[in-house]
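Each remark here refers to the structure printed beneath this line.
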Amino acid sequence: MTFTLLTAVLLVLTMLSYRLGRQRVLASGSSVKDMHSLPSYYGAYVALWCGIPAFLMVFLWQVLEPQFLRSITLSGLGDTARALSETQLNLLLNDIRSLASGGILSREPDAAMTEAAERYSTWRNISTALWAVVAIAAAIGGLSYGRRLVNPTFRARPAVERVIKIVLIVASTIAILTTVGIVVSLLFEALRFFGKVPITEFLFGLQWSPQTALRADQVGSSGAFGAIPVFAGTFLITIIAMTVAVPIGLMSAIYMSEYASRRFRAIVKPILEILAGIPTVVYGFFAALTIAPFFRGLGESVGLGVASESALAAGVVMGIMIIPFVSSLSDDVINAVPQAMRDGSFALGATHSETIRQVIIPAALPGIVGSILLAVSRAIGETMIVVMAAGLAANLTANPLQAVTTVTVQIVTLLTGDQEFDSAKTLAAFALGLVLFVVTLGLNVIALRVVRKYREKYD
Amino acid sequence: MANLAETQTTEGVPVANDDIPQAIRIAAERVSVFYGEKQALFDVDLDIASHSVTSLIGPSGCGKSTFLRCLNRMNDTIEGCRVAGNIKLDGVEILSDALDVVQLRARVGMVFQKPNPFPKSIADNITYAPRIHGLATTKADFDAIVERSLRRAGLWDEVKDRLDEPGTGLSGGQQQRLCIARAIAVQPEVILMDEPCSALDPIATARIEELIDELRQEYTIVIVTHSMQQAARVSQKTAFFHLGILVEEGETEQIFTAPRDERTQDYITGRFG
Amino acid sequence: MTDIATTVPRPLADADSAARIERRYRQERRFRRIGLAAICVALGMLAIMLITIVSNGYTAFIATEVAIDVTFDPAEVDPDGTGDPAVIGRANFQGLTRNALRAYFPDVSGRTDRRDLNKLISVGAPSTVRAALLENLDWMGTTQTIWVKAGADFDSFNKGQIPRDVPESDRRVNDNQVSWFDQLAANGRVEKRFNGTFFSSADSREPEQAGIRGAVVGSFFTLIVTLLLAFPVGVMAAVYLEEFAPKNRWTDLIEVNINNLAAVPSIVFGLLGLAVLLNLFGLPRSAPLVGGIVLALMTLPTIIIAGRASLKAVPPSIREAALGMGASPLQTVTHHVLPLALPGMLTGTIIGMAQALGETAPLLMIGMVAFIVDVPGSFTDPATVLPVQIFLWADAPERGFVEKTSAAIMVLLAFLITMNLLAVLLRKRFERRW
């Protein structure tokens, strides 16, 4: 609540400073025509001086306060606390916090805890008050400093625009920060995993059974974290998906861009795109509810044993999901082939299909390959369909009728439910995530480069 | 060029002569073309003589390219385009639905404004049409077709050592001659050329014009051109189009020296266009 | 001419040519048919999927209800005669409800049979009765006919999802129960009514009590966070990259990075959220706040790419005109370029939001997969979202959840279609050709 109040106060101060800045320059006696900038820029300038330092203080407080309070609380707990493990310590601190705010505890509070809780709440109040004062002081200080700078000859507009531009630059770097965040967090956790399980074991081992390795005496036990079966399962399902998606997607794109009348295209294309807009969880449900039993029944009727969570069902449904992806990308690529190519072929007396197969497809091939690579990367990273329709057991098999597991399924199963964050089991998910990220990134980089090269060729 | 002279003498192909009237190869009667609601060509009557070069001239958008594309039914590929009237090739109606456009286009080849070699090797560009039309089966046959076509297009000496390289790697003028070679690989009777030199430099243009002049010994050529000088240089017959109407046609010399129509006069003297 | 014809067969003159042409046209027709077939397969799959979902799901919007005659004996409900709703609310409504049912079937005796009988009505029935009484305190001392939800199995049975003609051992409802149920039905005490619970309550272990309200509200909170973060940042980034950024390696890097980020699997964003937002910054698990941040990072590339495309579509002449009038570059952008590009940016944002609404995987990573029976009230309350609710129900073993899952999918698809239609309308309305 104090946080909301403080924010409100600072916002009011910022708005006030806008008015003050405007008023000051208007009160200076010179007419708007003689000022360097419009009055509103002077207002904005002062408002920036008031708001930015103050909100920076608030932000700093939000980041630093937990650390500060933690060390204050711990300082009084003495040696007993120091002997605790990280997890137990966190639990203890949680309880102290709950005690201070009157929440539910996981144990009976002892004297030391009560004392720590009191210290915690005292210091929290002090720090809140302190930072509120500091932030408001910063706001007022900034206000008066900025206001002093304001006079009709002051170049307020460029100054304000400089700040806005910096904000824009910061906004555009968030994408970079996201990537850095992904890489750093995945690498960091994966390295911790490789500290427990050797990387060679992970990359080349043939046994994957992380659930049994949960028990303390088995952490890192040999054979439990060999990811080859997981990679193989991912590969198998991806291949099945591509066998469905590439021919259907490509042929749809060809029909759509080469044969279909404008009316047909106008109606069918948006309908096909609905397939792309359906959430993957719906495909997963469809796979588990309809397609998997269908394949099992089909298998039974011809005397084949099909697992209820067969790679086939998951792969086929994933393929259906990817059809519009392949077809819309290939459609673009095929349309980028210059009309002159078609004319040249038609003028030689080629039929339409001969033109398509022997001129257009070869001309569009790099672009088509690029689209397929993007589709593969999409299939590898797809999660919900496989979580709902593929299995959990890591079978090393090439038989699509059996159940296999994938990288994404394992990440989900390892990280949902009860977890202990430092266990090899949860860290393994990050190692898998790192592999997933590196592979999809590699595919994307190659695919985007191929497609771009292709586009340049016909521009 | 030597081989060309040879074919002339040994095969006894009648040599076109500017003075002697030619047999009529294509006869167009009351040809109108509509793009959707818009009419682009109005009742064009034009006869095209065998073994000669006929130029179609006129300002942009006058319908000359549209007319050219009627002659091998390339307008079929444009959605919403409708052609009315009659066009007879050697007495056979080509606008009828019963006619097979694939076979028509094998007889009436076409070269486009911008060189458009396929992204295949030079040899594959040439053999593409013979292969789909089933004109040859053995590799030796195909090799012979490649050599003959490239020789006739005057490109053989320049590319004989790199037949496996992509056709798109050639210079603009070479690409256009490759396209001509590609068109003549199936031995068409008529070759249509849609401003074949407009994307080329003067030297390449001169080579193509030379080639056109040689090719008329064997083929009937219809060329759309923007350049009146080019029409005067390469063609025996000229037809002037304006606003979708065939204004005047006749011997090239007559059109350029003594046009009967005022509009033709204005155009060739550069008053518009 | 004739000489040439002897060396190379002429297509028209050749005797074989008719057969060859025929073959080529056959190939042409076949190729065309394959193309059409591909489209039909894709459309057919879409149709099968939608039909499966609708045919499985429409029954969830109606629920079987059973009428029971509940006697509100003051001695039992309010022994002290206080008339205080707080006291009355604590009465044993489960007993009241069961007694009402038992009174209707006086012959049923024995523990097993009674337990079977109780299954005819939902375990949520007592709270229905309680709510009804608290609304009508004057019912005290009377007997009232109250409609309560049937048990999940009987709901399915009544809808024909559990067929009558299978052997008793394979059926989730036994023959006794069927005869009791038929008896109720014969007396007009069974009805199918609109299932308001589905829209008004949150998740539940009992299929007949489960609703999507909690998930819808959770999705709403999550998307608000996503929108508040992704839209301004996306627009600012697009403006900077398109209008101000110098062409150098740094902006190249940003550009490549954005394109690649758009193709990073969504689950990786979930890992980022788990490692950074939950473990490093200590934000609460299962909260819409965290879900919203993760989805914002995920949709940001979409919005930036769409934003740049619509900025690019504004012709340079507009910028030149504004700059020529002496406007600063920033004024040019904010006064002239941005308003013209805004519809396109909004369209991109709506499409990005639709993607975020359908996203499941990253939210599993940050704990939004928990079983939550309360409708979330703030951005930090534990919550789930619509697609995750679908995932949870799809995993539930009870037969009754199949129709709920399908119905929830129908609701989700309805939201998505609305959003996409909005985007299409926006594009149509403001489409401008320069």
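The values are calculated or read from the model by the stated rules, or taken from the named source; none is laboratory data. No experiment lies behind these values; they were computed from the predicted model shown. Virtual Cβ from ideal backbone geometry, glycine too; neighbours counted across all protein chains shown.
Within the option set A:S185, A:S101, A:S144, A:S106, being surrounded by 13 or more Cβ atoms within 10 Å (Cβ to Cβ) and at pLDDT below 90 holds for one residue only, A:S144. On the given criteria, is A:P270 at pLDDT below 90 and within 9 Å of chain C (Cβ to nearest Cβ)? It is true that A:P270 is at pLDDT below 90 and within 9 Å of chain C (Cβ to nearest Cβ). Scanning segment B:105-131 for residues that are crowded, with 22+ Cβ neighbours inside 10 Å and assigned to a helix (DSSP H, G or I) yields B:R105, B:A106, B:I122, B:N125, B:I126, B:T127, B:Y128, B:A129, B:P130.
Kindly indicate the residue of segment C:404-417 that is within 11 Å of another protein chain (Cβ to nearest Cβ) and closer than 16 Å to C:P207 by Cα and also surrounded by the fewest Cβ atoms within 10 Å (Cβ to Cβ) among those meeting that condition. Ranking the candidates gives C:S406 first.
In this structure, does A:A394 turn out to be in contact with a strand residue (DSSP E or B) (Cβ under 6 Å, 6 or more places away or on another chain), at pLDDT 90 or above and either surrounded by fewer than 24 Cβ atoms within 10 Å (Cβ to Cβ) or away from chain C (no Cβ under 11 Å) (or both)? For A:A394, the condition - in contact with a strand residue (DSSP E or B) (Cβ under 6 Å, 6 or more places away or on another chain), at pLDDT 90 or above and either surrounded by fewer than 24 Cβ atoms within 10 Å (Cβ to Cβ) or away from chain C (no Cβ under 11 Å) (or both) - is not met. Only a single criterion out of (1) surrounded by fewer than 18 Cβ atoms within 10 Å (Cβ to Cβ); (2) hydrophobic (A, V, I, L, M, F, W, C); (3) more than 7 Å from chain A (Cβ to nearest Cβ) is not satisfied by C:F244, namely (3). Here C:M365 fits the description: within 9 Å of chain A (Cβ to nearest Cβ) and over 16 Å from the mean Cα position of the chain (by Cα). All told, C:A47 falls short of being closer than 27 Å to C:S200 by Cα and small (G, A, S). What are the residues in segment C:97-117 that are under 37 Å from the mean Cα position of the chain (by Cα) and either without any contact (Cβ under 8 Å) to a residue 60 or more places away in the chain or exposed (fewer than 13 other Cβ atoms within 10 Å of the Cβ) (or both), if any? Those that are under 37 Å from the mean Cα position of the chain (by Cα) and either without any contact (Cβ under 8 Å) to a residue 60 or more places away in the chain or exposed (fewer than 13 other Cβ atoms within 10 Å of the Cβ) (or both): C:T97, C:R98, C:L101, C:R115. Among the charged types (D, E, K, R) and farther than 20 Å from B:L46 by Cα: does that describe B:D90? Answer is no for this residue. When B:Q8 is tested against (1) touching an Asp or Glu at 6+ places or on another chain (Cβ under 7 Å); (2) at pLDDT below 90, exactly one condition is not met: (1).
Working only within segment B:124-152, note down all residues that are within 14 Å of chain A (Cβ to nearest Cβ) and either in contact with an Asp or Glu (Cβ under 7 Å, 6 or more places away or on another chain) or aliphatic (A, V, I, L, M) (or both).
B:I126, B:A129, B:I132, B:L135, B:I145
Show me the strands (runs of 3 or more DSSP E) entirely contained within segment B:154-273 in which 2 or more residues are over 30 Å from A:K457 (Cα atoms), of a type in the set (V, I, T) and over 18 Å from the mean Cα position of the chain (by Cα).
On the way: elements: B:190-194, B:220-224, B:237-242, B:245-251.
Strands (runs of 3 or more DSSP E) meeting the threshold: B:245-251.
Screening segment C:35-67 for residues that are touching a residue at least 40 places away in the same chain (Cβ under 8 Å) and buried (at least 22 other Cβ atoms within 10 Å of the Cβ) and picking the one that is farthest from the other protein chains (Cβ to nearest Cβ) gives C:V66. Looking at this structure, is B:Q236 surrounded by fewer than 16 Cβ atoms within 10 Å (Cβ to Cβ) and at pLDDT 90 or above? Judged against the criteria, B:Q236 is not a match.
Per the listing A:A340, A:A350, A:A375, A:A379, the residue uniquely within 12 Å of chain C (Cβ to nearest Cβ), free of Cβ contacts under 8 Å to residues at least 24 places away in the same chain, closer than 26 Å to A:Y255 by Cβ and not charged (D, E, K, R) is A:A350.
Given the criteria modelled with pLDDT of 85 or more, surrounded by 15 or more Cβ atoms within 10 Å (Cβ to Cβ), under 30 Å from A:S209 (Cβ atoms) and within 12 Å of chain C (Cβ to nearest Cβ), does A:I176 qualify?
no
If you check A:I368 against the conditions, is it in contact (Cβ under 8 Å) with a residue 40 or more places away in the chain and more than 12 Å from chain C (Cβ to nearest Cβ)? Answer is yes for this residue. When B:D97 is tested against (1) more than 11 Å from every other protein chain (Cβ to nearest Cβ); (2) touching a residue at least 12 places away in the same chain (Cβ under 8 Å); (3) within 24 Å of A:E258 (Cβ to Cβ), exactly one condition is not met: (2).
Would you be able to say whether some residue in segment C:172-179 is outside the structural domain of C:V411 (by TED's automatic domain parsing), acidic (D, E) and outside any helix (DSSP H, G or I)? There is no residue in segment C:172-179 that is outside the structural domain of C:V411 (by TED's automatic domain parsing), acidic (D, E) and outside any helix (DSSP H, G or I). When the helices (runs of 4 or more DSSP H) confined to segment A:306-402 are screened for residues that are touching a helix residue (DSSP H, G or I) at 6+ places or on another chain (Cβ under 8 Å) and farther than 16 Å from A:A241 by Cα, those reaching at least 3 such residues are found at A:311-336, A:339-347, A:352-355, A:361-381.
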